[in-house]
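Here's the structure we're looking at; comments come further down.
Taken together, the values in this text are just the output of simple stated rules run on the coordinates, not laboratory data. None of the values given here were measured: they were computed from a predicted structure. Cβ placement follows ideal geometry from the backbone for every residue including glycine, while neighbour counts extend to all protein chains displayed.
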Amino acid sequence: MLQIDGVIKYRDGRQTVTNVSLTVEAGERVALLGHNGAGKTTLLRLILGLTKIDGGQISIFGHPPGSIEARRLTAYLPENVDFHQSLSGKEVLRHLARLKGDRATRADDLLERVGLAADAERRISTYSKGMRQRLGLAQALLGDPRLSLLDEPTSGLDPIARWEFYELVGELAAGGGAVLLSSHALTEMEARTDRIAILRAGKLVANDTLESLRRSAGLPVRLRVAARPDRAEDLMANLGGCRINGRSVELACQADEKMALLSSINALPHLVEDIDIVPPGLDDLYRYFSAPEETRS
Amino acid sequence: MTAAFAFARYDLLLAHRNLWAAISIGLMTLFAIVLTISGSAPAGALGVDRLTVTVTSLTTLSIYLVPLIALLLSFDAIAGERDRGMLALILSYPVSSASFLIGKFLAHLITLAVALAIGFGIAGILSVALDGASPASWKALFVLYGSAVLLGATFLGFGYAISSLVRHPGAAAGLVIGLWLIGIVLYDLALLGALVADDGGFFTSKLFPWLLVINPADAFRLVNLGGSTSTLLASGLLVPQDALPALMPQMALLLWPPVIGYIAWRLFRRIEP
Ligand SMILES: Nc1ncnc2c1ncn2[C@@H]1O[C@H](COP(=O)(O)OP(=O)(O)O)[C@@H](O)[C@H]1O
Ligand SMILES: [Mg+2]
């Protein structure tokens, strides 16, 4: 398992990772969220031993970062990697397989698995962004990693490729692998990861399951009530809230007040045409946890 | 070591695919043919065979061309991989960082050695076909080949050192061209200027021979054009034969690749991918 203990990293005299502690168990999928510049890439590079740690400790199944044992157990998908354009996907992946001690046929299997089999012989210069990203994913699956560190793995992927990607992540975890993946795209992670860690300006501001984060944030449920023609004013006079477009009124309430509010809406059938209930999404949660504390509502 | 060979194989494929190999071979071949055919018309008039004349002109050519090709093969090796993010990926793999550099070096040295073998081979065969060759001139051709490979290895090392020093491949390209200009062209001119100013004093007799031999390109020239009494260099520099211990140029040429290779490795180890 991956164990991060009070890790600190300075850059240009500024702490870019501030006392972060985090563990990822075997078989667990953890999403690392944060704005651009929050320190996600830096944290992953510290785990890999590519960047020197200025304080605290990291252990990868008991091995220090960057040690040959740790590297043997770890797969990495960098945020930006340009494979050599003049070679084919197959040539690059076979080379990387040799470096990981995997057989060349394994590289071919993985190309198949990420959906690049048909383009395996073509030069990478002819690949789209999504195809290059899938090649990157294929190399991260080489050598049966126990720990996968994926830096914004779904950027550049279309929705179907994203779905397929999370299938692969699910398989890695089901096989006992620990997965830590960073992202600033959020909604896609619902039900795809076991735990969510949010970094803000180098600090870990949340680290829990989605359910617990929802509960502790106490974010309001939103009700969108569509009025019958020309009755929006009356509806607002009865319920309060605010107009969101010509005919609808939006109301916010805490989860435990929801039923009471619903029955009062129910009592106005002559004004109400339809209701949408919008629970707090990952985006709301993310905005809540990644905003500075003093501005939280 | 397996990893080093895997890297070498990959980089040979890359050199082939990016046409660096073809360009190196083409350049060497072109110049070898031109020099051999244009080599002073009736070679017999000088009392030496055509191959001897060819070796002399190939030496002068190699001083400029071999370092240039070596630097062009090597300048991108580290800065370029770093820029593409490949270095970070590779260093997360369970292989030693030395094997990465050794693999690049093997691939580039093989590319260079093959280009030189083809160029010099064609020059040798062409000379013999035109005029015939003595055993001594064949020997000179082989010495030329071996020393050219060592010269190439040295400048590959310089290329890797520079490539580790700077972050951007463009900057590395500029620096290797600067090194080539200063080390190969301006260095000799500066020495010549100092010789003229010194007019046979301490600098000329004591310092100058050493300054000449520590420059790998000049050591290469001394190895291949070193006569029995004195050496007339193409740039007009004269070295009294007894000013240096025996085999000093050969030693210098043999020592440069491991020394610069070690420096390049230390610089490479320092960088954060
Ligand atoms: N090599 C570097 N040198 C100096 N500062 C850096 C370097 N890499 C990242 N930083 C800084 O560290 C902070 C975190 O960056 P990063 O880890 O890349 O964020 P994220 O991946 O979350 O977008 C940023 O403020 C960034 O400017
Ligand atoms: Mg990043």
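Report, by residue number, each residue of segment A:86-105 that is more than 17 Å from B:ALA3 (Cβ to Cβ), more than 9 Å from chain B (Cβ to nearest Cβ) and either outside any strand (DSSP E or B) or within 25 Å of the chain's Cα centre (by Cα) (or both).
Listed by number, the residues that qualify are A:GLY89, A:LYS90, A:THR105.
What is the residue count in segment A:118-164 for residues that are within 20 Å of A:THR41 (Cα to Cα) and among the aromatic types (Phe, Trp, Tyr)?
0
All but one of (1) surrounded by fewer than 23 Cβ atoms within 10 Å (Cβ to Cβ); (2) more than 15 Å from the chain's Cα centre (by Cα) hold for B:SER92, so report the exception by its number.
So B:SER92 meets the others, but not (1).
Report every pair of residues separated by at least 6 positions or lying on different chains whose Cβ atoms are under 6 Å apart, first residue within segment A:139-156 and within 12 Å of chain B (Cβ to nearest Cβ), second within 13 Å of ligand 2 (Cβ to nearest atom) and part of a helix (DSSP H, G or I).
Cβ pairs passing all conditions: A:LEU149/A:LEU44; A:ASP151/A:THR41; A:ASP151/A:LEU44.
Give the residue that is farthest from A:GLY176 (Cα to Cα), with candidates limited to residues of segment A:31-75 that are of a type in the set (A, V, I, L, M, F, W, C) and more than 16 Å from ligand 2 (Cβ to nearest atom).
Going through the qualifying residues, I end up with A:ILE53.
Can you tell me which residue is nearest to ligand 1 (Cβ to nearest atom) among those in segment A:45-72 that are free of Cβ contacts under 8 Å to residues at least 60 places away in the same chain, more than 10 Å from chain B (Cβ to nearest Cβ) and among the hydrophobic types (A, V, I, L, M, F, W, C)?
A:LEU46
Name the pairs whose Cβ atoms lie under 9 Å apart, with the first residue in segment B:68-97 and within 23 Å of A:GLU69 (Cβ to Cβ) and within 7 Å of chain A (Cβ to nearest Cβ), the second among the hydrophobic types (A, V, I, L, M, F, W, C) and surrounded by fewer than 19 Cβ atoms within 10 Å (Cβ to Cβ), and 6 or more positions between them or separate chains?
Note: pairs meeting the criteria are B:PRO94/A:ILE68; B:VAL95/A:ILE68.
Filter the helices (runs of 4 or more DSSP H) completely within segment A:206-289 down to those with at least 1 residues that are surrounded by fewer than 17 Cβ atoms within 10 Å (Cβ to Cβ) and within 30 Å of the chain's Cα centre (by Cα).
Passing ranges, in order: A:210-217, A:258-266.
Six or more apart or on different chains, Cβ atoms under 6 Å: show the pairs whose first residue is in segment A:18-40 and within 9 Å of ligand 1 (Cβ to nearest atom) and whose second is among the polar types (S, T, N, Q).
Partner pairs satisfying both residue conditions: A:LEU32/A:SER182; A:GLY39/A:THR16; A:LYS40/A:SER182.
Kindly indicate whether any position in segment A:24-44 is surrounded by 14 or more Cβ atoms within 10 Å (Cβ to Cβ), of a type outside the set (Asp, Glu), within 14 Å of chain B (Cβ to nearest Cβ) and assigned to a strand (DSSP E or B).
Looking through segment A:24-44, none of the residues is surrounded by 14 or more Cβ atoms within 10 Å (Cβ to Cβ), of a type outside the set (Asp, Glu), within 14 Å of chain B (Cβ to nearest Cβ) and assigned to a strand (DSSP E or B).
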